[in-house]
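The values are calculated or read from the model by the stated rules, or taken from the named source; none is laboratory data. The structure presented is a predicted model; accordingly, all values stated were derived computationally and were not measured. Cβ coordinates were reconstructed from backbone atoms using ideal geometry, including for glycine residues, and neighbour counts include every protein chain displayed. Surface areas here come from the heavy atoms of the whole protein model, side chains and all, with no ligands, DNA or RNA. Shrake-Rupley method; radii C 1.70, N 1.55, O 1.52, S 1.80 Å.
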Amino acid sequence: MAVLLIAEIAGKEVALDATAKALTASAALGEVTVLVAGSGVDAAPVAGLSGVAKVLNVDDAAYAHGLAEPLADLVVSMADGFSHIVAPSTASAKNVLPRVAALLDVMVISDVTAVVDADTFERPVYAGNAIQTVK
């Protein structure tokens with residue numbers, strides 16, 4: 001299975017810590033392709049992360065301001081061939097992923113803390129006081 005990871009962008013740089021954590025979690029799902037979408041963002045550091053199979057660098061002014069709608073449209077246009085689309089658990093990703101899920105007519109699972117297998121995940125519920133397994 002192939003996984004598309006949306007890199008977290010902070011200004012004109014990739015937020016490597018957040019992106020690397022999401023990469024580590026999503027590696028259990030299969031080969032990971034990282035999407036770096038922004039304007040003037042250097043994608044080279046992402047290629048050095050362990051577990052990255054491929055980096056897609058989309059440099060366009062449409063993605064310069066971190067708006068969810070253009071990024072969601074881009075992700076949906078690239079979705080064919082990927083079994084999972086993931087992103088770090090950040091405000092930006094929580095803004096984009098529900099739009100992507102709606103456009104693809106799939107369910108979004110947020111705040112995943114563990115990947116059990118390709119269709120089973122763990123996430124916190126009740127203000128983090130319990131862990132729910134989602135299948």
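Please work out if SER26 is closer than 21 Å to VAL134 by Cβ, in contact with a Leu (Cβ under 7 Å, 6 or more places away or on another chain) and not aliphatic (A, V, I, L, M). If you could, list the steps in order and put the result at the bottom.
Details: closer than 21 Å to VAL134 by Cβ: yes; in contact with a Leu (Cβ under 7 Å, 6 or more places away or on another chain): yes; not aliphatic (A, V, I, L, M): yes.
The answer is yes for SER26.
Considering every residue within region 39-50, establish whether at least one is open to solvent by 30 Å² or more (accessible area, probe 1.4 Å) and either under 25 Å from ASP117 (Cβ atoms) or touching a Gly at 6+ places or on another chain (Cβ under 8 Å) (or both).
Yes: one or more hits.
Condition first: more than 23 Å from MET1 (Cα to Cα) and touching a helix residue (DSSP H, G or I) at 6+ places or on another chain (Cβ under 9 Å). Now tell me which residues in region 49-66 satisfy that.
Result: ASP60, ALA62, TYR63, GLY66.
Suppose the filter is at pLDDT below 90, within 16 Å of the chain's Cα centre (by Cα) and within 26 Å of VAL46 (Cα to Cα); does ALA101 pass it?
Numbers: at pLDDT below 90: no; within 16 Å of the chain's Cα centre (by Cα): yes; within 26 Å of VAL46 (Cα to Cα): yes.
In short, no.
Tell me whether region 58-72 contains one or more residues that are more than 11 Å from the chain's Cα centre (by Cα) and on the phi > 0 side of the Ramachandran plot.
Checked region 58-72: at least one residue is more than 11 Å from the chain's Cα centre (by Cα) and on the phi > 0 side of the Ramachandran plot.
What are the residues in region 100-114 that are open to solvent by less than 90 Å² (accessible area, probe 1.4 Å) and part of a helix (DSSP H, G or I), if any?
Within region 100-114, VAL100, ALA101, ALA102, LEU104 meet the criteria.
Kindly list, by first and then second residue, each pair from a residue in region 94-111 that is under 25 Å from ILE131 (Cβ atoms) to a residue that is among the charged types (D, E, K, R) and in a helix (DSSP H, G or I), limited to pairs with Cβ atoms under 7 Å and residues at least 6 apart or on different chains.
SER110/LYS94
May I ask you to list the residues in region 1-38 that are touching a Ser or Thr at 6+ places or on another chain (Cβ under 7 Å) and surrounded by fewer than 16 Cβ atoms within 10 Å (Cβ to Cβ)?
MET1, ALA2, GLY30
Which of the numbered conditions does VAL32 fail, given that it passes all the others? Conditions: (1) in a strand (DSSP E or B); (2) touching a residue at least 40 places away in the same chain (Cβ under 8 Å).
(2)
Check whether at least one residue in region 87-100 is in contact with a Gly (Cβ under 7 Å, 6 or more places away or on another chain) and under 17 Å from THR33 (Cα atoms), and report yes or no. Quick ask: steps written out before the conclusion?
To start, the set of residues in region 87-100 that are in contact with a Gly (Cβ under 7 Å, 6 or more places away or on another chain) comprises 92.
Adding the requirement that they be under 17 Å from THR33 (Cα atoms) leaves none.
Checked against the condition, which is being in contact with a Gly (Cβ under 7 Å, 6 or more places away or on another chain) and under 17 Å from THR33 (Cα atoms), region 87-100 yields no hits at all.
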